[in-house]
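For reference, the structure discussed in these notes is given below.
Quick note: the coordinates plus some simple rules give every number you see, no bench work behind them. Computed from a predicted model, the values in this text were never measured in an experiment. A quick note on method: Cβ atoms are made from the backbone with ideal geometry, for glycine too, and the neighbour counts reach across all protein chains shown.
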Amino acid sequence: MRIVVLAGGIGGARFLLGLRAAVPGADITVIGNTGDDVTLFGLRVCPDLDTVMYTLGGGIHPQQGWGRADERFTVRDELLEYGAKPQWFTLGDRDLATHIVRTQMLHAGQPLSVVTAALCERWQPGVQLLPMSDDTVETHVLIEDPDAVAGSKLIHFQQYWVGLQARPTALEIRAVGIENAKPAPGVLDAIAAADVILFPPSNPVVSVGTILAVPGVKEAVMAAAAPVVGLSPIIGGRPVRGMADKVLTAIGVETTATAVALHYGRELLDGWLVDVVDAEDAEPVRAAGIRCLAVPLMMSSVAATAEMAEAALRLADEVKR
Ligand code: GDP
Ligand code: CA
């Protein structure tokens, strides 16, 4: 079975752990979000690709969900002594090695897809991990800023999310560079050849939304023969973790499992899973022609997540076009 998953960071990575456990023999291609990528201290950092790679490769900090396990912070502490900025993004020593290798390879002229494959040789994630694009796309957020002359200012997504903890009101989300980005080699082929396409419980705006916004990707998903099934990242009207509500509000979508499904719409989704607590709100999803079931969607363990993955695959089987 060929499965394609459009993944962000923590939600995507945790789901993939369950999926891999549910269907050990499957051929899984992950199309990873690179809109969160940022250059810090001259190093190219790809948080979502790394979260997937470390999680599936057994190197993730398990409680935190991002960064390396058993991390140390010698370099960060030395940077602080210099007053080097920014200080809001934590880079551990082990993690820095990844960014150094990546940056070296990029500077030598290798595309990000080749670099990612090389990093994965170490981590053996058991899936094919592809960046959505080899071209630079960086998500920026237009925030309300009373101090700015124009009343608003555009900042990098990481500064908004990590630096400011998504506190300022987000007025607009812009994927800078996306118009000219091409899907990375293998992305469109994987979508076309898939037996199933899954949207894991990843951020619908700045993870799955950004991947779909790469010219050609949304069109390929719509044209694919495979059924498309998504799992809601919103449970009981709230993100399970993080601040997805802030970016949903910015694009005018309510923070509910139903609104997210309707935002993707029938043109993309054949099936949608909501959590059992949202079972009674699923009617508008069904009315829109999207098959919708309620199952437990808390990724509390790999076993619980594997059951979610199985439910998604069963639903995909039911809605096969
Ligand atoms: P990020 O790049 O690290 O922000 O990660 P993603 O975009 O992949 O996923 C973030 C989303 O995962 C958030 O909107 C959370 O609500 C969602 N999420 C996290 N844990 C769970 C869980 O256990 N169940 C569900 N359904 N969603 C989750
Ligand atoms: Ca992310």
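Under a point-charge model restricted to the Cβ atoms of Lys and Arg (+1) and Asp and Glu (-1), what is the dipole moment magnitude of the chain relative to its Cα centre, in debye to the nearest 20?
280 debye
Work out how much length residue 106 to residue 81 would gain on full extension: take 0.36 nm times their residue separation and subtract the Cα-Cα distance, in nm to one decimal.
6.1 nm
Any idea what the relative contact order of the range 53-125 is, in percent, if you count C-alpha pairs under 8 Å spaced at least 6 apart?
With pairs under 8 Å counted, the relative contact order is 38 percent.
Within straight cross-link reach of residue 153, meaning Cα distance under 17 Å, which lysines are found once same-chain residues fewer than 8 apart are removed?
246
Measure off 7 Å from each Cα along the Cα-to-Cβ vector at residue 121 and residue 283, then give the distance between these two points in nanometres to one decimal.
About 5.8 nm separates the two model spin labels.
Can you pull the Kirkwood radius for the range 226-321, inverse mean 1/r over Cα pairs, to one decimal in Å?
Radius from the Kirkwood sum: 13.4 Å.
What distance in nm separates the simple spin-label points at residue 174 and residue 150, each placed 7 Å from Cα in the Cβ direction?
About 0.6 nm separates the two model spin labels.
Please state, as a whole number in µm²/s, the translational diffusion coefficient that the Stokes-Einstein equation yields for the range 32-102 at 20 °C and 1.002 mPa s, with Rh defined as the Kirkwood radius across alpha carbon pairs.
The diffusion coefficient I find is 170 µm²/s.
What does the helix-only formula give at 222 nm for the chain: each DSSP H stretch with n ≥ 4 adding -39500 (n - 2.57), the total divided by the residues, and the result rounded to the nearest 500 deg cm²/dmol?
Calculated at 222 nm, the ellipticity per residue is -10500 deg cm²/dmol.
Under a Cβ-only charge scheme (Lys and Arg +1, Asp and Glu -1), can you give me the dipole magnitude of the range 230-315 about the Cα centre, in debye to the nearest 20?
Here the range 230-315 has a charge dipole of around 160 debye.
Per the Kirkwood definition applied to all pairs of different Cα atoms, how many angstroms is the hydrodynamic radius of the range 148-288?
The answer is 16.3 Å.
Just want the ordering: 176, 247, from fewest to most Cβ atoms lying within 10 Å of their own Cβ.
176, 247
7 Å from Cα along Cα→Cβ at both residue 189 and residue 64: what's the point-to-point distance in nm?
3.6 nm
Compute the signed sum of charges (Lys and Arg +1, Asp and Glu -1) over the other residues within less than 11 Å, Cβ to Cβ, of residue 167.
Computed value for this residue: 0.
Using only the alpha carbon atoms of the range 1-52, find the Kirkwood hydrodynamic radius as the inverse mean reciprocal pair distance, in angstroms to one decimal.
Radius from the Kirkwood sum: 11.8 Å.
Taking the Cβ of each residue in 93, 147, 275 as the centre, tally the other Cβ atoms inside 10 Å and list the residues starting with the fewest.
Lowest to highest Cβ neighbour count: 147, 93, 275.
So which trypsin sites (Lys or Arg not before Pro) in the range 1-42 end up in coil per DSSP with only 14 or fewer other C-beta atoms within 10 Å?
Loop-located and lightly packed - none at all.
Loop only by DSSP, 13 or fewer other Cβ within 10 Å of the Cβ. Give me the trypsin sites (Lys or Arg not before Pro) in the range 39-132 that pass, ordered by residue number.
Here the sparse-neighbourhood loop sites are 72.
Please report, in debye to the nearest 20, how large the charge dipole of the range 118-241 is about its Cα centre when each Lys and Arg carries +1 at its beta carbon and each Asp and Glu carries -1 there.
The dipole magnitude comes to about 380 debye.
Wrap a convex hull around the Cα atoms of the chain, take a quarter of its surface area, and give that in square nanometres.
Orientation-averaged projected area of the Cα hull: 16.2 nm².
Specify which residue in the list 132, 155, 166 is farthest towards the positive end of the charge dipole of the range 120-191, using unit charges on the beta carbon of Lys, Arg (+1) and Asp, Glu (-1), about the Cα centre.
Farthest towards the positive pole: 166.
Where a Cα-Cα gap under 15 Å defines reach, which aspartates and glutamates qualify for residue 218, not counting those fewer than 8 residues away within the same chain?
Within reach: 179, 189, 267, 270.
Radius of gyration and Dmax for the range 1-125's Cα atoms, expressed in Å?
Cα-based Rg and Dmax for the range 1-125 come out at 15.1, 52 Å.
Just the ratio, please: alpha-carbon radius of gyration of the range 191-246 over 2.2 N^0.38 Å, N its number of residues.
1.24
Which helices count as membrane-span-like in the chain under these terms: full DSSP H, at least 20 Å along the axis by C-alpha, Kyte-Doolittle mean of 0.5 or more?
302-319
Rg/Rh for the range 78-181: what does it come to with C-alpha atoms and Rh from Kirkwood?
Expressed as Rg/Rh, it is 1.04.
For 10, 211, 28, what ranking results if the residue with the fewest other Cβ atoms within 10 Å of its Cβ goes first?
In order of increasing Cβ crowding within 10 Å: 28, 10, 211.
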